[in-house]
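For reference, the structure is listed below as structure tokens.
The values are calculated or read from the model by the stated rules, or taken from the named source; none is laboratory data. Quick caveat: nothing in here was measured; it's all calculated off a predicted structure. No Cβ is skipped: glycine too gets one built from the backbone with ideal geometry, and neighbour counts run over all protein chains shown.
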Amino acid sequence: MGSPQDFIDTDRYPIHRPGTSAYDALVAHCRTALETQGACLLHGFAVPEAVACMATETDRVVERAYLCRDTHTVYLNTGESGFPEDHPRRRLEVTELYSVACDQIASEDALKRVYHWDPLLFFLADVLQRRAYYRMADPLAALTINVMRENQNHGWHFDEAQVTTTLMIQAPEQGGRFQYVHNLRTEDEREYEGITQVLDGTHPGIRTLDIKPGTLSIFAGYYSLHRVTPVAGGTTRYLATFCFKDRPGVKNSPEVQKLFYGRTA
Ligand SMILES: [Fe+2]
């Protein structure tokens, strides 16, 4: 496999051919999915050979991944005083997973080459209607692999970023399912009732996405409450996150680097 283009099923997803009707149709499809469902899944985006290669590359570095254990509210803080204990502003979720940082992934690895492939950046900018879009400059967070072993999970939360782009590399035997409720964040009191139902497991709108190895997911995580259920079985879940920003040169603070990767860079 030579060029990053070979890693992607460009017959199905011609992201490298802007200006063609097939490209325009794909962008339109993605925009509609994001607007109506808050999520766009491109199954088989990475071809099976590339996915296998990425899994092998991850196996090589996974023992160096940093263990992140965190208790947090859905707003990713430690709870706000002034609210009752059972209020969504106070209720705590538990997250435990490992992260492979960007500087632990080799430049020649398939995953990093896809991340640095300009047609992916330009395609996402088109889908998200960004005039300017840049790879994140953070040496740790720009491209990461989220690693979940048996019983690990990601608790319910809203993202800080508007949109997140991920690529599934390896799925677990059971569990590790991505669940969300579309457009729950309303910036007013109404959202609390819905969040309480989600945390209690009684919300009727919880959707589970069928994300397979090779699926590219574009997810509007700021407005949609989401989680990953506990992984079951011996196969580790590997999910890559591609981080893009509206401004060039964006890095996390040393405090955030320390929290998620255990070190600064
Ligand atoms: Fe998230």
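In the stretch 120-148, how many residues are crowded, with 18+ Cβ neighbours inside 10 Å, charged (D, E, K, R) and either over 26 Å from LEU26 (Cβ atoms) or out of contact with any helix residue (DSSP H, G or I) (no Cβ under 7 Å at 6 or more places or on another chain) (or both)?
Qualifying residue count for the region: 1.
Residue-by-condition table, conditions (1) surrounded by fewer than 16 Cβ atoms within 10 Å (Cβ to Cβ); (2) under 22 Å from VAL228 (Cα atoms); (3) among the aromatic types (Phe, Trp, Tyr):
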| residue | (1), (2), (3) |
| --- | --- |
| HIS29 | yes, no, no |
| PRO48 | yes, no, no |
| MET54 | no, yes, no |
| ARG60 | yes, no, no |
| THR78 | yes, yes, no |
| VAL94 | yes, yes, no |
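If you take the residues in the stretch 204-223 that are buried (at least 20 other Cβ atoms within 10 Å of the Cβ) and hydroxyl-bearing (Ser, Thr, Tyr), which one is farthest from the ligand (Cβ to nearest atom)?
Out of the qualifying residues, it is THR215.
Among the residues of the stretch 151-177, which ones are within 12 Å of the ligand (Cβ to nearest atom) and either in contact with a Cys (Cβ under 6 Å, 6 or more places away or on another chain) or not in a strand (DSSP E or B) (or both)?
Across the stretch 151-177, the qualifying residues are PHE158, ASP159, GLU160, ALA161, GLN162, VAL163.
Which of the residues that make up the stretch 235-265 are at pLDDT below 95 and among the small types (Gly, Ala, Ser)?
SER253, GLY262, ALA265
Give THR241, THR264 a once-over and let me know the one that is over 15 Å from the mean Cα position of the chain (by Cα) and of a type in the set (Ser, Thr, Tyr).
Details: THR241 fails: over 15 Å from the mean Cα position of the chain (by Cα).
Testing whether each residue is over 15 Å from the mean Cα position of the chain (by Cα) and of a type in the set (Ser, Thr, Tyr) leaves just THR264.
Filter the stretch 191-203 for residues that are out of contact with any helix residue (DSSP H, G or I) (no Cβ under 8 Å at 6 or more places or on another chain) and more than 16 Å from the ligand (Cβ to nearest atom) and give the result.
Within the stretch 191-203, GLU191, TYR192, GLU193, GLY194, THR196, GLN197, ASP200, GLY201, THR202 qualify.
Taking interchain pairs and intrachain pairs at least six residues apart, which have beta carbon atoms under 7 angstrom, with the first residue in the stretch 219-230 and aliphatic (A, V, I, L, M) and the second assigned to a loop (DSSP other than H, G, I, E, B) and near the ligand (Cβ under 9 Å from one of its atoms)?
From the stretch 219-230, the pairs are LEU225/PHE158.
When you go through ARG90, ARG69 one by one, which is the residue that is more than 19 Å from the chain's Cα centre (by Cα) and either over 30 Å from TRP156 (Cβ atoms) or in contact (Cβ under 8 Å) with a residue 12 or more places away in the chain (or both)?
ARG90
Output yes when any residue across the stretch 124-136 is touching a strand residue (DSSP E or B) at 6+ places or on another chain (Cβ under 7 Å), outside any helix (DSSP H, G or I), under 18 Å from SER217 (Cβ atoms) and aliphatic (A, V, I, L, M), and no when none is.
yes
Tell me, which residue of the stretch 129-150 that is closer than 19 Å to ARG69 by Cβ and not small (Gly, Ala, Ser) is nearest to the ligand (Cβ to nearest atom)? Spell out the reasoning first.
As a first pass, look at the stretch 129-150 and keep what is closer than 19 Å to ARG69 by Cβ: 140-141, 144-150.
Subsequent filtering for residues that are not small (Gly, Ala, Ser) retains 140, 144-150.
Numbers: LEU140: 17, THR144: 12, ILE145: 15, ASN146: 10, VAL147: 15, MET148: 13, ARG149: 19, GLU150: 21 Å.
Here the answer is ASN146.
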